[in-house]
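Chemist: Structure below; questions to follow.
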Amino acid sequence: MTHRFNEALLRHPMLSIRGVHSRFMVISERLTMRVVDCILALGVCAFVTALPAVAETPGIAGAPYVPTPTAIVDRMLTLAKIGPNDYLIDLGSGDGRLVITAVAKYKARGGMGIEIDRDLVKHATDNAQKAGVGDRVKFLAGDLFGADIEQATVVTLYLLPSMMGDVEAKLRRELKPGTRVVSHDYPLPSWKPVDVVTFDTPDKVPITGTTRTMLLLYRVSDRR
Ligand SMILES: C[S@@+](CC[C@H](N)C(=O)[O-])C[C@H]1O[C@@H](n2cnc3c(N)ncnc32)[C@H](O)[C@@H]1O
């Protein structure tokens, strides 16, 4: 009787080695699934939390850093007829070359660059110091779509075609009549340029695979 009871006990799924083992397996499988569920849930939360940050900073998915070759910087600034009365704003300013050249070489009274990449902002600020114009130019880290650009008399652009519609809307809303805008390679979708120049330079080959460059000059009209 005792023997049979013990045997029965040993066969009981809760107590037998096999039973304990399989129960342990079930519990551990459930635990593993819970841990996996938690990890997935945390991953989804992290992804959802990250979404607004990406959506608010289109530059991260926007134009990559490709500096305008020096010879084209000069062509852009002379096309805009930049001079001592001008304040130049470069939207997406990279290493600051357009703003710094406008002030150091063409004697613009001041300038500002807006750049989403903080390392480039630091680099541009250092370059301005080295060029001796650190007191007349500034470089701000941030999204160009949130920048205050009213004080510009000249705006320069070297951005992606996919950004130009939103850029045009911002320029239309914020710039004073008479402000000149020079865009490197890509047109504003519905503004009519007052001048377009095209030329060939070998400097462009590593960037676009062709020698061709197009510069478009716009002037903000009274009617917008
Ligand atoms: C093609 S590079 C031109 C740099 C400089 N303007 C030049 O011509 O040498 C475009 C620059 O715009 C910056 N950028 C892209 N999207 C931006 C945004 N939404 N706000 C601010 N900067 C942005 C990039 O980081 C990059 O440095």
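Where a number appears in this text, it was derived from the coordinates with a stated rule and is not lab data. Computed from a prediction, not measured in an experiment: that's the story for all the values here. Please note: Cβ atoms are built from the backbone with ideal geometry, for glycine as well, and neighbour counts cover all protein chains shown.
Chemist: Suppose the chain between Arg172 and Val194 were pulled fully straight at 0.36 nm per residue; how much longer would it get relative to their current alpha carbon spacing?
Modeler: Working: separation 22, 0.36 × 22 = 7.92 nm, distance 1.58 nm.
Additional length available on full extension: 6.3 nm.
Chemist: Length gain on complete extension for the stretch Asp74 to Leu160, per 0.36 nm per residue less the alpha carbon to alpha carbon distance?
Modeler: 28.9 nm
Chemist: Just for the range 152-224, what percent of DSSP beta bridges are antiparallel, to the closest 5? Before the final figure, lay out the partial values.
Modeler: Values: 11 of 15 bridges.
Bridges in the range 152-224 that DSSP calls antiparallel: roughly 75 percent.
Chemist: How about Lys176: which lysines have a C-alpha closer than 21 Å to its C-alpha, ignoring those fewer than 8 places off in the same chain?
Modeler: Result set, ordered by chain and number: Lys81, Lys138, Lys192.
Chemist: Of all DSSP beta bridges in the range 70-219, what percent run antiparallel (nearest 5)?
Modeler: On the way: 11 of 29 bridges.
So the antiparallel bridges in the range 70-219 amount to around 40 percent.
Chemist: Still on this structure, I have one more. Using DSSP to call loops (not H, G, I, E or B), can you name the chymotrypsin sites (Phe, Trp or Tyr not before Pro) in the range 57-157 whose Cβ has at most 16 other Cβ atoms within 10 angstrom?
Modeler: Tyr65
Chemist: What FRET efficiency comes out for His123 versus Asp222 if R0 is 41 angstrom and r is the Cβ-Cβ distance? Round to the nearest 0.05.
Modeler: Details: r = 38 Å, r/R0 = 0.94.
The value I calculate is 0.60.
Chemist: Counting Lys +1, Arg +1, Asp -1, Glu -1, what net charge surrounds Gly209 among other residues with beta carbon under 14 Å of its beta carbon? Intermediate results must be reported in sequence, preceding the final value.
Modeler: Working: positive: Lys204, Arg212; negative: Asp185, Asp200, Asp203.
Result for the local shell: -1.
Chemist: Note down, for the range 70-219, the three equivalent ellipsoid semi-axes (square root of 5 times each alpha carbon gyration tensor eigenvalue), biggest first, whole angstrom.
Modeler: Working: eigenvalues 88, 67, 50 Å².
The three semi-axes for the range 70-219 are 21, 18, 16 Å.
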